[in-house]
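Below: one structure, written as structure tokens.
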Amino acid sequence: DPNLAYSNSYGYWVSIMFNEAVFNNGKLNPFSNPKIREAVNWLIDRNYIVQEGMGGLGTPRFVPILSTFPDYPRYADLARPLEAKYAYNFDKAEQVITAEFEGMGAVKNAEGKWTYKGEPVVIIGLIRSEDEREFIGNYVCDQLEKIGFTCDRQVRTRSELAPIWQQGVVANGEFNFYTGTNYNPNLLRDEGSAFLQSYCPDVAGSTTEAAFTCNDELHTAAQALYTNNFTTMEERRQFFATALRLSLENSSYLPVVNKVGFFPRVAGIIVASDLSAGV
């Protein structure tokens, strides 16, 4: 239509944030186990989410750096093998989660449902209702239910959910995961800060993030990248290699999709549109 024009943006993404605390209410939290969090990468089909949940306006996201920003092409040879390693593999996810969860003391009942001390293991998902995160959160619950979990889907708005994941006492066990989102209002030439912000408690913006744990090797690399504590680009590359690998093994924060923002307008209207934030 010659009467229409549009702009795109690429600085927005959706993730799953896990509550990794050991609960104080006697309930078993599978996501306190990093190997189970890691296995969720295999459990979810990011391509399916992009096509069915976002109408194709997105790309799968595995790592905490945006594919359209400079650091991704700089380290694409590090990121892409990890994307291949963690591609959708339902059977592998079920195998790993089963082995790990049995090791935590859980058992499946006759109906194939996970139980702990005779009670069903209920995954409480805090699912944002305002956008594509409702689809994503429900899809994650669908996949978890296929391997024997029981899901309690708390589909609510930001203001209703923030007191739970942002300010609540995470060890109280009020939730297991939250459908988060972020966007950058400008293009970032340096995304090295993403690892400390996403996987370690040092600069936490919520009580959920303040409870994150990261091993010493990830912490060292993340701190170095956050503070630019290196002297050569090769040294920076080595920190990125470590942080990318260990962030997926940790997966407290699990990137799901990059969203392609779409801004239609009447042709002839002149606007400023940033490649990250849009109009």
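The values are calculated or read from the model by the stated rules, or taken from the named source; none is laboratory data. Bear in mind the structure is a predicted one, so any value in this text is a computation, not a measurement. FYI the Cβ positions are ideal-geometry reconstructions off the backbone, even for glycines, and counts take in every protein chain you see. Ligands, DNA and RNA are stripped out before the accessible areas are found, and what is left, the full protein with its side chains, is counted by its heavy atoms. Shrake-Rupley method; radii C 1.70, N 1.55, O 1.52, S 1.80 Å.
Of note:
- Applying 1/(1 + (r/R0)^6) with r as the Cβ-Cβ distance of Ser129 and Met233 and R0 = 51 angstrom yields a FRET efficiency of 0.70.
- Largest GNM mean-square fluctuation across Glu38, Glu111, Glu83, computed for the chain with C-alpha springs under 10 Å, falls on Glu111.
- Note on the chain: with a GNM built from Cα contacts shorter than 10 Å, the maximum mean-square fluctuation among Val169, Val266, Val14 falls on Val266.
- Cross-link partners of Lys85 among aspartates and glutamates (Cα-Cα below 18 Å; sequence separation of 8 or more within a chain): Glu38, Asp45, Asp77, Glu94, Glu249
- For Asn47 and Ile270, the FRET efficiency from 1/(1 + (r/R0)^6), where r spans their Cβ atoms and R0 equals 25 Å, is about 0.10.
- Close amide-amide hydrogen proximity is noted between Val260 and Gly58, Thr59, each under 5 Å apart and 5 or more residues distant or on a separate chain (H modeled in the peptide plane; Pro and chain starts excluded).
- When shorter helices are ignored and each DSSP H run of at least 4 residues is given -39500 (n - 2.57), the per-residue value for the chain at 222 nm works out to -10500 deg cm²/dmol.
- 1.4 Å probe accessible area per residue over segment 82-217, in Å²: 48
- Rough spin-label spacing in nm, given labels placed 7 Å along Cα→Cβ, for Arg158 and Asn25: 2.6
- The distance linking segment 1-37 with segment 153-228 is 10 Å (Cα centroid to Cα centroid, whole angstrom).
- Portion, in percent, of the accessible area of segment 132-279 that falls on carbon or sulfur, probe 1.4 Å: 52
- Evaluated at q = 0.07, 0.12, 0.13, 0.17 Å⁻¹, the base-10 log of the normalised Debye intensity for the chain, with identical point scatterers placed on the Cα atoms, takes the values -0.27, -0.77, -0.89, -1.45.
- Sequence ranges 225-236, 114-125, ranked by mean other-Cβ count within 10 angstrom, highest first: 114-125, 225-236
- Paramagnetic label zone (point 7 Å from Cα along Cα-to-C-beta, Thr150; backbone N under 17 Å) in segment 10-26: 25-26
- Charge context of Pro34, other residues only, Cβ under 11 angstrom, K/R +1, D/E -1: -2
- Normalised per residue, the volume of the convex hull around the Cα set of segment 170-279 (Å³): 141
- Computed over protein heavy atoms with a 1.4 Å probe, the carbon and sulfur contribution to the accessible area of segment 46-100 reaches 49%.
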